[in-house]
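The structure appears right after this line, and notes come after that.
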Number of protein chains: 2
Amino acid sequence: MASVSYANYPPELSPQEEQYLLSNLKDWSIAHGLAVRPAPSFVQPSQDPSGVLASTAPVTLFPSLFPRSCFEQGLAIQKAYNELYAAIARDEAWLKSIVEELVDVDDFVAKLWQTHLEVKKDGYVQDLSLGLFRSDYMVHRDLSQPNPSSGLKQVEFNTIASSFGGLSSQVSALHKFLLTIDAYPKSTSSIIRDGALELSKSTSSLAKGLAAAHNAYGASRTGRPLCVLFVVQDPERNVFDQRHLEYALLEGNGVRSFRLPFGETLSHTQLDADRTLIYTPPNLSSTVYEVTTIYFRAGYSPDDYPKEEDWTARLQLEKSRAIKCPSILTHLAGCKKVQQVLATPHSPHLKRFLPDDKVASRVLETFAPIYPLDDSEAGREARKLATHPSSATKYVLKPQREGGGNNVYRKAIPPFLHKLPETQWPAYILMEMIEPPPLQNAILRNGEQQRGGVICELGVYGVCLWRDGSGDGDGKRGEILENWEAGYLLRTKGDQSEEGGVAAGFGAVDSCCLVD
Amino acid sequence: MASVSYANYPPELSPQEEQYLLSNLKDWSIAHGLAVRPAPSFVQPSQDPSGVLASTAPVTLFPSLFPRSCFEQGLAIQKAYNELYAAIARDEAWLKSIVEELVDVDDFVAKLWQTHLEVKKDGYVQDLSLGLFRSDYMVHRDLSQPNPSSGLKQVEFNTIASSFGGLSSQVSALHKFLLTIDAYPKSTSSIIRDGALELSKSTSSLAKGLAAAHNAYGASRTGRPLCVLFVVQDPERNVFDQRHLEYALLEGNGVRSFRLPFGETLSHTQLDADRTLIYTPPNLSSTVYEVTTIYFRAGYSPDDYPKEEDWTARLQLEKSRAIKCPSILTHLAGCKKVQQVLATPHSPHLKRFLPDDKVASRVLETFAPIYPLDDSEAGREARKLATHPSSATKYVLKPQREGGGNNVYRKAIPPFLHKLPETQWPAYILMEMIEPPPLQNAILRNGEQQRGGVICELGVYGVCLWRDGSGDGDGKRGEILENWEAGYLLRTKGDQSEEGGVAAGFGAVDSCCLVD
């Protein structure tokens, strides 16, 4: 990405060029459901009480530059990641050792584990699990090298409610459409070209994953109609992302699904004597459906459990015969703590789950070093690095708990830790900062355009359907039935280090313009 | 439509059923571009200056009941109507006689005719014409009969800017989707069923018509890239309707198109020496396109011509070598006056254009009697009918000029005419009221639901590409190259005779639920 043209990317647009690009972008996005329900700050709920308004989803005007080798690396490694996390989810004994380090500092993880133990008491009745995963990366250049080459480093691995699979197909199609209609200036024709734009097949591929679980469930023992249940938040501004999966599931696979707000679980579902999960659609009270697959798009954050009853709801779903996407152990496998112990330098854990050395080393390459802040040897080393102003600048401090946000960056780390009682330090991990190449783009969000430095995160989707082993403590047992890479997402947000750029944290969906 | 179940259609919904139907309708519509830009009364332009908000298009919650025999009649007769209007448009001498009766009362028609004469002075250089027509009907029951049977009666025939072809495919797919997901109560399952819901293929079929003209135009003589030009109003709230045609034209037929606001015609187009129409996209000033086909979605109303320059623009387009959709003579063939002289009882005109008696009589069946208000024998008879309070109740008075609106109904006709100088009466025609069966439906519009009596209008699209004859005054010459029926639209509005029903004139797009 050294040539002059890349340095000037994206190009400045004349007013006429910008008008043409934006009007086409705004119309195409609504015509193709690349949309969100408007933020309350944009349209007050009182203005549209019945909710018929929608807005173009936050998108980039241009596909962001992305090294082709990194893109291919991310896609190629996804099946190994699927295998890795399926193996972790099957290894209850190992997960227990991880969770035990967290229960004192993370109530949410503790509650999830208790729910697992509760189910285990009566025994699990479903040995199939589905993962619709997303592995998130940034491009990293090792600035300590004189001629830094680029490689992918993992930011996090999502095992529950991985979002934007329904919109990422659309945004990659949008950028391709804009290319086709010459909305990108000719000066970029050697950069934004057909062979550089990658369509994401995430919508159809993730829907195919849900259908695979649905079909693997088998017929109803009592002849009931079958369905997939989308367990969702309510309200949900990102509803079209989910709807695209529902439509692809129905149209491409003939599978019926229903949306169930998580908080209404106990009102509309029940367990049969044999723990079949029964769903009674509120509009069809005389018809009951048997749920083959529970697809969680809610329940991943403590905020989803305001009442104790919500844990009862989760327990009921977990106890059921339905295939969970994800199971509670798979959910727990997505803890940052898991990522940390795998990525702690000289960790022995990776080879436990990926016995093939070649596969393991390819996965290892994508890890940024991560340290615990505990009393282990690595932890003591990390405490020194984190509390010293000069070394802390290479790191980010992340809470172990799920749900994102609340990261502490670089020089803000030492004062943050000094204010925090040391007993709470193990609730955080210390991760070497990924140093992405400087990039620019323009984002349209709530009708406002912002242009400036951006950071791109590549998310690679994976579908994995597996059968658990019959015993405990041995991750080697069990069987993988389906395993595929399922498209990609590029998420682009303002580079907070850049003054006057895109507001930090205000992300947009994006697609890759591959650079050889 | 006499059974009890039809009488109770559409069914009442429980709150749960309504919630399920509406949430699915609202999400599906945005996900599939069944949308409009919000009305200024709903979202003030200052709130969304860049225009990223959209709303579910006004739609009916249920497909409206429609007699299958009438539906099939409308579709079957469309090719004959295409042939009829292509023949009228080719018959300049006949059109001249019609226009001469209007020039004194309708400035707009006079201006259109002048424009035609201006082009004719130098000779037309394009002998191909494209029509994307829509013939609008209502179901009529002759209430003077003891057991009235239903037949179609034509409301009007649109030769320019026939709208909703892009949305009608979507609304018929929406109603089919709602059926598939059991959003309609079981009590209606003998009515709303797969075999009763007709998908409209209008989007792809109209786009194929534009592509047929584009291809018939032939290669550029100078090797320029070719395009279709959508001449549009700006702003356009119904933009997605048009965009769906653009996308189908590009994706299904590989044909590039551009949108040109009618008021900017002279800034971005020019005529070559051989009257090739050149379009310079403002965003691509170094690339000029040769226009094969001008698709007018503007220019049909006097409001589109606020400046004299707008007539210069229309003249420039008409003079060009591009195929017009429609040509100015085809535009004029859509005058209500034409409909009136064809439908005046015992009119000799129909057989002039449709020499096949069987075809002509099938078309004739769909005419409601229409009278002029002039000095002819039929006109004198009409003046009596229109001015007498008891007979006027069977009629509607319509202005001859294009653009819709301003109809005067039934008992309002005599006082209206008494206030109007008699010299202006010939500007109107008198049409026997069509008496549609009483129907009910619910409409979602701007987020508000209205339920009550409705009137449905069936629009049948037609595509016709023809070559004009070389001489004047003989409609028999020329040749039809393409002629097909191109899907349908149901438009449903409040029945104004019903108190507390859907507000009159507030229409919605709809689809047919056929009744045997």
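Looking only at the range B:350-357, decide whether some residue is within 20 Å of B:Asp104 (Cα to Cα), in the same structural domain as B:Asp122 (by the TED database), without any contact (Cβ under 8 Å) to a residue 24 or more places away in the chain and over 22 Å from the mean Cα position of the chain (by Cα).
Let us first name the residues in the range B:350-357 that are within 20 Å of B:Asp104 (Cα to Cα), namely none.
No, the range B:350-357 has no match at all.
Of all residues in the range B:155-184, how many are within 14 Å of another protein chain (Cβ to nearest Cβ) and either open to solvent by 10 Å² or more (accessible area, probe 1.4 Å) or among the aliphatic types (A, V, I, L, M) (or both)?
Number satisfying all stated conditions: 14.
Is it the case that some residue within the range A:303-323 is among the hydroxyl-bearing types (Ser, Thr, Tyr) and either open to solvent by less than 10 Å² (accessible area, probe 1.4 Å) or more than 26 Å from the chain's Cα centre (by Cα) (or both)?
Of all residues in the range A:303-323, those among the hydroxyl-bearing types (Ser, Thr, Tyr) come to A:305, A:312, A:320.
Of the ones still in play, those that are also either open to solvent by less than 10 Å² (accessible area, probe 1.4 Å) or more than 26 Å from the chain's Cα centre (by Cα) (or both) are A:320.
Within the range A:303-323, one or more residues are among the hydroxyl-bearing types (Ser, Thr, Tyr) and either open to solvent by less than 10 Å² (accessible area, probe 1.4 Å) or more than 26 Å from the chain's Cα centre (by Cα) (or both).
Of all residues in the range A:380-403, how many are more than 27 Å from A:Ser149 (Cα to Cα) and touching a residue at least 12 places away in the same chain (Cβ under 8 Å)? Break it down into steps so the answer makes sense when it comes.
Start the filter on the range A:380-403 by keeping residues that are more than 27 Å from A:Ser149 (Cα to Cα), which leaves A:380-381, A:383-384, A:387-389, A:399-403.
Those still in the list that are touching a residue at least 12 places away in the same chain (Cβ under 8 Å) too: A:383, A:387-389, A:399-403.
The number of residues fulfilling the criteria is 9.
Looking at this structure, is A:Ser149 in the same structural domain as A:Asn441 (by the TED database) and touching a residue at least 60 places away in the same chain (Cβ under 8 Å)?
Spelling it out, it is not the case that A:Ser149 is in the same structural domain as A:Asn441 (by the TED database) and touching a residue at least 60 places away in the same chain (Cβ under 8 Å).
When you go through (1) assigned to a loop (DSSP other than H, G, I, E, B); (2) farther than 21 Å from A:Ser286 by Cβ; (3) more than 8 Å from chain A (Cβ to nearest Cβ) one by one for B:Ser46, which number turns out not to apply?
For B:Ser46, the failing item is (1).
Out of the range B:49-77, which residues are open to solvent by 10 Å² or more (accessible area, probe 1.4 Å) and either facing chain A (nearest Cβ under 8 Å) or among the aliphatic types (A, V, I, L, M) (or both)?
B:Pro49, B:Ser50, B:Gly51, B:Leu75, B:Ala76
Quick check on the range B:1-14: of everything there that is small (Gly, Ala, Ser) and either closer than 21 Å to A:Arg445 by Cα or outside any helix (DSSP H, G or I) (or both), which residue is farthest from the other protein chains (Cβ to nearest Cβ)?
B:Ala2
If B:Leu226 meets every condition in (1) open to solvent by 10 Å² or more (accessible area, probe 1.4 Å); (2) within 12 Å of chain A (Cβ to nearest Cβ); (3) modelled with pLDDT of 95 or more apart from one, which number is that one?
(2)
What's the number of the only condition in (1) hydroxyl-bearing (Ser, Thr, Tyr); (2) surrounded by fewer than 17 Cβ atoms within 10 Å (Cβ to Cβ); (3) in contact with a strand residue (DSSP E or B) (Cβ under 6 Å, 6 or more places away or on another chain) that A:Tyr371 fails to meet?
(2)
All but one of (1) free of Cβ contacts under 8 Å to residues at least 40 places away in the same chain; (2) farther than 23 Å from B:Pro326 by Cα; (3) touching a helix residue (DSSP H, G or I) at 6+ places or on another chain (Cβ under 7 Å) hold for B:Ser190; which doesn't?
So the condition that B:Ser190 fails would be (1).
Kindly evaluate B:Ala80 against the criterion of being in a helix (DSSP H, G or I), free of Cβ contacts under 8 Å to residues at least 60 places away in the same chain and either surrounded by fewer than 23 Cβ atoms within 10 Å (Cβ to Cβ) or not assigned by the TED database to the domain that holds B:Gly131 (or both).
So B:Ala80 fails the test.
Inside the range B:15-43, can you point out the residues that are in contact (Cβ under 8 Å) with a residue 60 or more places away in the chain, within 9 Å of chain A (Cβ to nearest Cβ) and assigned to a loop (DSSP other than H, G, I, E, B)?
B:His32, B:Gly33, B:Arg37, B:Pro38, B:Phe42
Output the residue which, of all residues in the range A:250-290 that are open to solvent by 40 Å² or more (accessible area, probe 1.4 Å) and among the hydroxyl-bearing types (Ser, Thr, Tyr), is modelled with the lowest pLDDT.
Among those that are open to solvent by 40 Å² or more (accessible area, probe 1.4 Å) and among the hydroxyl-bearing types (Ser, Thr, Tyr), it is A:Ser285.
I need the strands (runs of 3 or more DSSP E) fully contained in the range A:403-471, keeping only those with at least 2 residues that are assigned by the TED database to the domain that holds A:Asn158, surrounded by fewer than 15 Cβ atoms within 10 Å (Cβ to Cβ) and hydroxyl-bearing (Ser, Thr, Tyr). Quick ask: steps written out before the conclusion?
Numbers: elements: A:428-432, A:439-445, A:448-467.
By residue number, no strands (runs of 3 or more DSSP E) qualify.
Restricting to the range B:185-206, name every residue that is open to solvent by less than 60 Å² (accessible area, probe 1.4 Å) and within 14 Å of another protein chain (Cβ to nearest Cβ).
If the condition is that a residue be open to solvent by less than 60 Å² (accessible area, probe 1.4 Å) and within 14 Å of another protein chain (Cβ to nearest Cβ), then B:Pro185, B:Thr188, B:Thr203 are the ones that fit.
Between B:Tyr279, B:Tyr300, which is of a type in the set (Phe, Trp, Tyr), within 26 Å of the chain's Cα centre (by Cα) and assigned by the TED database to the domain that holds B:Lys120?
On inspection, the qualifying residue turns out to be B:Tyr300.
With respect to A:Ser327, determine if the residue is among the hydroxyl-bearing types (Ser, Thr, Tyr) and more than 28 Å from A:Gly165 (Cβ to Cβ).
The answer is no for A:Ser327.
For the range B:100-139, which residues satisfy the criterion of being open to solvent by less than 30 Å² (accessible area, probe 1.4 Å) and closer than 18 Å to B:Ala343 by Cα?
Across the range B:100-139, the qualifying residues are B:Leu102, B:Arg134, B:Ser135, B:Asp136, B:Tyr137, B:Met138, B:Val139.
The values are calculated or read from the model by the stated rules, or taken from the named source; none is laboratory data. The structure displayed is predicted, hence computed values, not measured ones. Because the Cβ atoms are built from the backbone with ideal geometry, glycine has one as well, and the counts that use them run over all protein chains shown. These accessible areas exclude ligands, DNA and RNA; they are computed on the full protein's heavy atoms, side chains included. Shrake-Rupley method; radii C 1.70, N 1.55, O 1.52, S 1.80 Å.
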